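Novice: The structure that follows is given in the form of structure tokens.
The values are calculated or read from the model by the stated rules, or taken from the named source; none is laboratory data. These figures come from a predicted structure and were not determined experimentally. Here Cβ is always computed from backbone atoms with ideal geometry, including for glycine, and neighbour counts include all displayed protein chains. Accessible surface areas use protein heavy atoms only, side chains included; no ligands, DNA or RNA. Shrake-Rupley method; radii C 1.70, N 1.55, O 1.52, S 1.80 Å.
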Amino acid sequence: MMTPKDDGMGLMVSAIKSREFGFGFQALSEDQLKVVNQFRRTKRPKYRDEKAATQTNGSADKKDLVYSPFLVIFDYGTSAEGYWNYNKMCLQLEDCIDVLDALFSIPTAEVDDDARVQHMPDVPHVDGLKRLYDHAFLFDHSCGHDRKQEDGLSTKDVRVSPTAKGRHMRNSTIEKKSGYLGEYEYDDTLKVGDVQKMVFGELNNCGNAETGPVFGNMPKYDLVNGTKQEKLNVKELAAALQEKGFNSKGRKPDLVKRCESAGIPTTRTVPNVEKTGWLGKAKGALQILYERGWINKEKLDQYSQKGKKDELGNYIKETSLDYLMEQLEDFANERTMLQMIGEDLGCIIDRTPKCTPEIAGEGVEYDWAMAKMYYRKQPLSSKGSKTAFEKLVKECMGKKVLSLERTRKFSRRARQYMTCYYMLEKNGESTTPLDIKKFKKKRKSHTDILKEDTGYISECLRQLGSS
């Protein structure tokens, strides 16, 4: 993010780079864009995630691209274009895949080598086209990139006990013992091949009548005593304002005042539940783990969200429900929304390691560092107005600063670090001349390439000035 010395004007950038096409695929020509747009109109006219497209663009239909989707610059903020989220990332990803499929695929009939055609992937959702490349995208970790499916398995959304606010997750099949089942076996614990239900229904996992949570004393149905008023949340307030044609952007206090001025209710009437029943409620961590044999029911009082502490005040991980839930393989390997969309479009979607920017992707953190340093070296006169600021940001992201040759150097440097880490993991020593003593194997905080590798980035900037 780059911000000038003013009232808060800023631009946010989302870029995808590769060694083949460089930072943001900036060499994309107008003629190539025409080919891409024709492909989009005739081959894949709608986004795969129609909900994300409709929320962002008002429609699932794809619009013609007017610039490379590998480099998106937008005005962030509640009063501008909003903030970067899953919806925007999902659409950018599919736009980029459209570019690759439109420009780097050929009709199956034109492949004259039968042995070759067997190894060429089909272009998904398009008949008669073969890809010239396999596509793999690496993303960093963020709430937008890591967004789960609406009913996906997630350890973060599981409460200790059943609750009305618990997230309803999909059923899961016990594929094997390791990573799925614990050491404790009881008459009502699951076995390999069984399907575990994550929501209490009339029938349990075995198809028999459900009797509710194994632990605790909960009624089957909610015990209700009249009604009460419940405040609307931010999304609900914004939706109510938007429905009436009012400005729906801003913080909750602003939305409440706006609703009150417009005569829009800010609360709703709901049942006053005095005691929650288990029917229709999401199972808690204690129930999920018990059904899988991770809970010793003879020592139930030792389990809690974080676990019991030992004499030194350290948490005993075997008594932590959070820790035990993290051991469940199906939860740990649950695909994100981006992975679902990418795989549907025939691509590999993965995430870069946390807290190691020097090996992220194709060295993209070096591109960001180079752009930031170049920006900071420019005089204040080039940042004084909105127009000048926008022009400078585009220059920082342009081919002059982040040329194809330079971004490939950054990719090579990242791969050198990858080799170092690999050898450290394998043999405990480095086989490259790079001094990586300052890079710990296990990092406990986020690191900044511009701070960690200032000398290298400064030399790149010096070469830019002398060229």
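Novice: Mind checking which residues of the stretch 95-107 are open to solvent by 30 Å² or more (accessible area, probe 1.4 Å) and either assigned to a loop (DSSP other than H, G, I, E, B) or not aliphatic (A, V, I, L, M) (or both)? Quick ask: steps written out before the conclusion?
Specialist: Our first condition is that a residue be open to solvent by 30 Å² or more (accessible area, probe 1.4 Å); within the stretch 95-107, this holds for 103-104, 106-107.
Within the stretch 95-107, PHE104, PRO107 meet the criteria.
Novice: Also: Can you find, within the stretch 390-434, the residue that is most open to solvent (accessible area, probe 1.4 Å) among those that are modelled with pLDDT of 90 or more and of a type in the set (S, T, N, Q)?
Specialist: Result: SER403.
Novice: Then there's this: So, of the residues in the stretch 157-173 that are part of a strand (DSSP E or B) and either within 24 Å of TYR86 (Cα to Cα) or over 24 Å from the mean Cα position of the chain (by Cα) (or both), which turns out to be modelled with the lowest pLDDT? Show your work before the answer.
Specialist: Keep residues of the stretch 157-173 that are part of a strand (DSSP E or B), which gives 163, 172-173.
Keeping just the survivors that are either within 24 Å of TYR86 (Cα to Cα) or over 24 Å from the mean Cα position of the chain (by Cα) (or both) gives 163, 173.
Working: THR163: 85, THR173: 96.
Out of the qualifying residues, it is THR163.
Novice: Sort out which residues of the stretch 133-153 are farther than 14 Å from SER14 by Cα and of a type outside the set (A, V, I, L, M), and write them in order of number. Talk me through it step by step, then tell me what you get.
Specialist: From the stretch 133-153, those farther than 14 Å from SER14 by Cα are 133-136, 143, 146-153; that's our starting set.
Of everything in the stretch 133-153, those that are farther than 14 Å from SER14 by Cα and of a type outside the set (A, V, I, L, M) turn out to be TYR133, ASP134, HIS135, CYS143, ASP146, ARG147, LYS148, GLN149, GLU150, ASP151, GLY152.
Novice: Okay, moving on. Which of the residues belonging to the stretch 344-377 are β-branched (Val, Ile, Thr), over 30 Å from GLU50 (Cβ atoms) and either assigned to a loop (DSSP other than H, G, I, E, B) or open to solvent by less than 20 Å² (accessible area, probe 1.4 Å) (or both)?
Specialist: Let us first name the residues in the stretch 344-377 that are β-branched (Val, Ile, Thr), namely 348-349, 352, 356, 359, 364.
Pick out the ones that are also over 30 Å from GLU50 (Cβ atoms) and you get 356, 359.
Selection gives THR356 alone.
Novice: (1) within 30 Å of ASP187 (Cα to Cα); (2) under 29 Å from the mean Cα position of the chain (by Cα); (3) among the charged types (D, E, K, R): which one isn't true of GLU210, the others all being true?
Specialist: That leaves (2) as the condition not met.
Novice: While we're looking at this one, here's another question. Which residues, counting only those in the stretch 246-287, are on the phi > 0 side of the Ramachandran plot and at pLDDT below 90?
Specialist: Filtering the stretch 246-287 down to residues on the phi > 0 side of the Ramachandran plot leaves 250, 263, 280.
Result: GLY250, single match.
Novice: Restricting the search to the stretch 129-156, which residues are open to solvent by 20 Å² or more (accessible area, probe 1.4 Å) and in a strand (DSSP E or B)?
Specialist: Within the stretch 129-156, the subset open to solvent by 20 Å² or more (accessible area, probe 1.4 Å) is 129-130, 132-134, 136, 138, 140-143, 145-151, 155-156.
Of everything in the stretch 129-156, those that are open to solvent by 20 Å² or more (accessible area, probe 1.4 Å) and in a strand (DSSP E or B) turn out to be LEU129, LYS130, ALA136, LEU138, LYS148.
Novice: While we're looking at this one, here's another question. Being in a helix (DSSP H, G or I) and open to solvent by 90 Å² or more (accessible area, probe 1.4 Å) is the filter here, so list the residues in the stretch 108-128 that pass it.
Specialist: Going through the stretch 108-128, the residues in a helix (DSSP H, G or I) turn out to be 108-110, 114-117.
Matches in the stretch 108-128: ALA109, GLU110, ASP114, ARG116.
Novice: May I ask you to list pairs of residues, at least six apart or on different chains, whose Cβ atoms are under 9 Å apart, with the first in the stretch 18-38 being assigned to a strand (DSSP E or B) and the second being surrounded by fewer than 13 Cβ atoms within 10 Å (Cβ to Cβ)?
Specialist: GLY22/GLU405
Novice: What are the pairs with Cβ atoms under 7 angstrom where one residue, in the stretch 309-320, is within 18 Å of LYS297 (Cβ to Cβ) and the other, located anywhere, is aliphatic (A, V, I, L, M) and open to solvent by less than 100 Å² (accessible area, probe 1.4 Å)? Sequence gap at least six, or different chains.
Specialist: Between residues of the stretch 309-320 that are within 18 Å of LYS297 (Cβ to Cβ) and residues that are aliphatic (A, V, I, L, M) and open to solvent by less than 100 Å² (accessible area, probe 1.4 Å), there is no close pair.
Novice: Output yes when any residue across the stretch 32-52 is open to solvent by less than 60 Å² (accessible area, probe 1.4 Å) and of a type in the set (Asp, Glu), and no when none is.
Specialist: Taking every residue of the stretch 32-52 in turn, at least one turns out to be open to solvent by less than 60 Å² (accessible area, probe 1.4 Å) and of a type in the set (Asp, Glu).
Novice: Identify the residue in the stretch 287-326 that is assigned to a loop (DSSP other than H, G, I, E, B) and closer than 27 Å to GLY201 by Cβ and, among all such residues, is nearest to the chain's Cα centre (by Cα).
Specialist: Taking the stretch 287-326 as the starting set, the residues that turn out to be assigned to a loop (DSSP other than H, G, I, E, B) are 292-296, 303, 305-308, 310-314, 316.
With the extra rule that they be closer than 27 Å to GLY201 by Cβ, the set shrinks to 292-296, 303, 305.
Values: ARG292: 28, GLY293: 31, TRP294: 29, ILE295: 31, ASN296: 35, TYR303: 31, GLN305: 25 Å.
Among those residues, the one meeting the criterion is GLN305.
Novice: Sticking with this structure for a sec: Filter the stretch 53-66 down to residues that are in contact (Cβ under 8 Å) with a residue 24 or more places away in the chain, open to solvent by 60 Å² or more (accessible area, probe 1.4 Å), of a type outside the set (Asp, Glu) and not in a helix (DSSP H, G or I), then give me how many there are.
Specialist: At the first step, the residues of the stretch 53-66 found to be in contact (Cβ under 8 Å) with a residue 24 or more places away in the chain are 53, 55-57, 62, 64-66.
This time we only want the ones that are open to solvent by 60 Å² or more (accessible area, probe 1.4 Å), so: 55, 57, 64, 66.
Right, trim to of a type outside the set (Asp, Glu) and you get 55, 57, 66.
Filter once more, so that each one left must be not in a helix (DSSP H, G or I): 66.
Residues meeting the conditions: 1.
Novice: To continue, here is another question. Using beta carbons and a limit of 8 Å, which pairs, at least six apart or on different chains, have the first residue in the stretch 442-461 and of a type in the set (Ser, Thr, Tyr) and surrounded by 13 or more Cβ atoms within 10 Å (Cβ to Cβ) and the second one at pLDDT 70 or above and not in a helix (DSSP H, G or I)?
Specialist: THR447/CYS355; THR447/THR356
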